[in-house]
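This report concerns only the one structure given below.
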Amino acid sequence: MSLKKIIIHPDPRLKKICAQVDGISPELRKLATDMLETMYDAPGIGLAAPQVGVLERFFVMDVAGKEAAPEPRVLINPRVTWTSEEVNVHEEGCLSIPGVYEDVTRPAKVRMQFKDIDGKDHEEEFEDIAATCAQHELDHLNGTLFLDYLSGIKRRMITAKMKKLKKERARAG
Ligand code: NI
């Protein structure tokens, strides 16, 4: 296992529509394992492939919480098949936008079709934090960040802050 470098916003790779995963190769399994490791290390509850520079449609997540046993998930080629009319407001963060947390409104429940890491098809309904996380991660596969739901002024302020952070990190080596 090895930790991946997480790309920080702004970066053109975070704005791309990712490609469908064709088949589940040993490389993809290794990458998914590394991404889970990277996510736990960060720590975070979700990480999408483009955040580590891989422009393919999959993400990892674990919303079990610190007190519970880990529940690592890999969702490949996820597709929303249903969303509730009811919405929820959750404070969201993103490993590509470190230290920033903002309220985002999304459907409270969502149903997704996806393949797991063994290539098995699933259709599953997510609610609460799992719904927020799965929608946030799926957005990444379409080049959308949670910032895109905020006001223009907030987005510009946060982007400026991240540019500064990247400069500082580059200087620190
Ligand atoms: Ni994110």
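Before moving on, here are some points about what is shown:
- Think of segment 48-109 as having a plus end and a minus end, set by charges on the Cβ of Lys, Arg, Asp and Glu; of Gly99, Pro72, Phe58, Phe58 sits farthest toward the positive end of this dipole.
- MRE, 222 nm, helices only [DSSP H, n ≥ 4, -39500 (n - 2.57), over the chain, to nearest 500]: -9500 deg cm²/dmol
- Two-site label geometry, Glu67 and Thr105: point separation in nm, points 7 Å out along Cα→Cβ: 3.1 nm
- Divide the volume of the convex hull around the Cα atoms of the chain by the residue count and you get 121 Å³ per residue.
- Taking all pairs of distinct alpha-carbon atoms in segment 1-101, Kirkwood radius in angstrom: 14.7 Å
- Relative intensity of segment 116-173 on a log10 scale, I(q)/I(0) at q = 0.17, 0.19, 0.30 Å⁻¹, equals -0.79, -0.86, -1.13, per a Debye sum over C-alpha point scatterers of equal strength in the absence of solvent.
- Percent carbon-and-sulfur accessible area, the chain, ignoring ligands, DNA and RNA, probe 1.4 Å: 51 percent
- Taking the Cα centre of the chain as reference, the dipole from Cβ charges on Lys and Arg (+1) and Asp and Glu (-1) amounts to some 1300 debye.
- The equivalent ellipsoid that matches the C-alpha gyration tensor of segment 69-122 spans semi-axes of 24, 18, 10 angstrom, in descending order.
- The distance between label points at Ala170 and Lys16 comes to 2.0 nm (points 7 Å beyond Cα on the Cα→Cβ vector).
- Cut-off 9 Å between beta-carbons: net charge of the residues surrounding Phe126, Lys and Arg +1, Asp and Glu -1: -2
- Probe 1.4 Å, protein heavy atoms only - accessible area per residue of the chain in square angstrom: 55 Å²
The values are calculated or read from the model by the stated rules, or taken from the named source; none is laboratory data. What you see is a predicted model, and the numbers here were worked out from it, not measured in a lab. No Cβ is skipped: glycine too gets one built from the backbone with ideal geometry, and neighbour counts run over all protein chains shown. Surface accessibility is based on the protein's heavy atoms, side chains included, excluding ligands, DNA and RNA. Shrake-Rupley method; radii C 1.70, N 1.55, O 1.52, S 1.80 Å.
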